[in-house]
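Written below as structure tokens is the structure these notes are about.
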Amino acid sequence: MSEKKGILVPLILFVVILVYYTLVGIFSQNIPYADDLSLLASLYDLSNQGSVSATLSILFSFHNEHRLLLPRLVTIGLTALNGGVIDFRWWVWLGNAFLLVPLAVFYQVLAGRKISPAYLVPIALLLFQPLHTELVYWGMASLQNLGVLALAVITLYLAAGPLSFTRLALVLGLTLLSMLTGANGMLLIPAVAFVWLLRRQYWLVAGWLIIGSLAIGLYWWGFDPAIQSGIGAEQASTLFEKAQTLLGLLGALVESQRYQEIPMATGLLLVLAFGIPAARIVQRVWTQSVPSADRGALFMVALGGFLLMTMAAIAVSRQLDAALFVTRYKIYPLLLLICVYLMMVLTSMTPARWMLPACVVVGLAINVIGYWRSLPRLEKHQAYMNEQLINWERYHRVDAPTPFMRHYYEQRWTAAHREGLYLPPAIR
């Protein structure tokens, strides 16, 4: 009987992950979508630059508020592996492969407390489903968003553990890499500082904040909001509206644009579900004469804080209706829900018998709903991408926000094709 149980859990995890990656394989296309065109233009410009200074300028340049050094380097590497030809599907595949990183770290958290791997099943059901639909087909979005999350998970797990010079160097290096993948990577600086503050490593916190402030200053050097703020960025007019957007983002799992009060109420419940146990963990660590805490619990608090700060940063520049329309942001409340689940498991002396079955049912429900809601969207998007390819090949038209961007991206896309850097698929 125990052997059957030992085989059953890995089998369930394998099937859940396999189904998701099969979906990614089906709906990823070798056609650039939205900001993929920006990375394509960067790759073309880099292939035609001879000077070191011009190459570095392109690699470190802003795309909206993001310095995309790591995504650019990754796409260069993927292109080289593919014989010097860009294949946008590889971007999607690698980006979604980053989901395996938090799963592996969460396994380590459970293994550190000698908790059964069966408790990974609800986590896999939440992670590997297409509720965050855009990440299934959008190369740059998956590389950037999931890349930052993978780096953040590793960084915070290292920061919450025993420290050495090597670990400190890794935490710093991974934080800088995260910042050069997406702007929200800089939120690791306060998240890591909070972990070390709880452990009363005051000199380390002071040094970390000084280095972090210098890194943030260098990051924003040369940034012009009038030029580099994204087209989709809109300033919410009041603090109340920003709070509404934040709650809507947190509750976007239920996805109701018609009745916005529903995701807002769900978001409030999720904040409370995370905040109450997190506050207890923080209070317990802070009031101890010799600060010590379960590494896993401290990691969950730090990761949840990072996710909340990320969603708050998004809420500053998005109206509620626009935020609910963007599916890639749903990965953040999903991960926060996983943090709530793991804190519940880790802080229970002996998890109740009903806990795992109940969480599996909830995870399975969200997983099924994710596929049910996303499959029609994915099919519709696939048709749109085929239309985009036809418009580019036959009419030299590109779907972009402004006339200048349409001309610029069409020019780079066509030039990349002419020079053999991109080979389009057959029109379906």
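FYI, it's all coordinate maths here, none of it is from the lab. Keep in mind that what you see is a predicted model, and the values were worked out from it rather than measured. With ideal geometry, Cβ positions are generated from the backbone for all residues, glycine too; neighbour counts draw on all protein chains shown.
List of remarks:
- Residue-count net charge about residue 398 - beta-carbon cut-off 13 Å; Lys, Arg +1, Asp, Glu -1: -2
- Here the residues 216, 210, ranked from fewest to most Cβ neighbours within 10 Å of their Cβ, fall in the order 210, 216.
- Structural descriptor for the range 98-249: relative contact order 16 percent, calculated from alpha carbon pairs under 8 angstrom and at least 6 residues apart.
- Springs join every pair of Cα atoms under 10 Å in this Gaussian network model of the chain, and among 391, 367, 96 the largest mean-square fluctuation is at 391.
- Calculated from backbone phi, Karplus (6.51, -1.76, 1.60) coupling profile of the range 49-54 in Hz, x at Gly/Pro: 9, x, 8, 5, 5, 5
- Karplus (6.51, -1.76, 1.60) ³J(HN,Hα), θ = phi - 60°, over the range 135-152, in Hz, Gly and Pro reported as x: 6, 7, 10, 9, x, 5, 5, 6, 4, 6, 5, 6, x, 4, 5, 4, 5, 5
- Tilt relative to the chain, helix 295-316 - C-alpha long axis, 0 to 90 degrees, to 10: 40 degrees
- Backbone HN-Hα couplings from phi across the range 213-225 [Karplus 6.51/-1.76/1.60, Hz, Gly and Pro as x]: 5, 5, 5, 5, x, 5, 4, 7, 5, x, 7, 10, x
- Under the shape rule built on the C-alpha gyration tensor, where the axes satisfy a ≥ b ≥ c, the range 107-262 is oblate, since a/c reaches at least 1.5 while a/b does not exceed b/c.
- Segment residue 261..residue 81, full-extension length gain: 60.0 nm, with 0.36 nm per residue of separation and the alpha-carbon distance subtracted.
- Amide H contacts under 5 Å for residue 422: 86, 417, restricted to partners 5 or more places along the chain or on a different chain, H placed in the peptide plane at 1.01 Å from N.
- Gyration tensor (alpha-carbon) shape descriptor, the range 279-379, a/c threshold 1.5: oblate
- In the chain, lysine pairs with alpha-carbon atoms under 27 angstrom apart (chain gap of 8 or more, or interchain): 4
- Using the rule -39500 (n - 2.57) for each DSSP H run of four or more residues, divided by the residues of the chain, the 222 nm mean residue ellipticity is -22500 deg cm²/dmol.
- Rel. contact order, % - alpha carbon contacts under 8 angstrom, at least six apart, the chain: 22 percent
- Summed residue charge, Cβ within 15 Å of residue 222's Cβ, Lys/Arg positive, Asp/Glu negative: -1
- Under 5 Å, built H, 5+ apart or other chain: amide partners of residue 63: 68
- Per-residue extension of 0.36 nm, minus the Cα-Cα distance of residue 11 and residue 279, leaves a gain of 92.9 nm for this segment.
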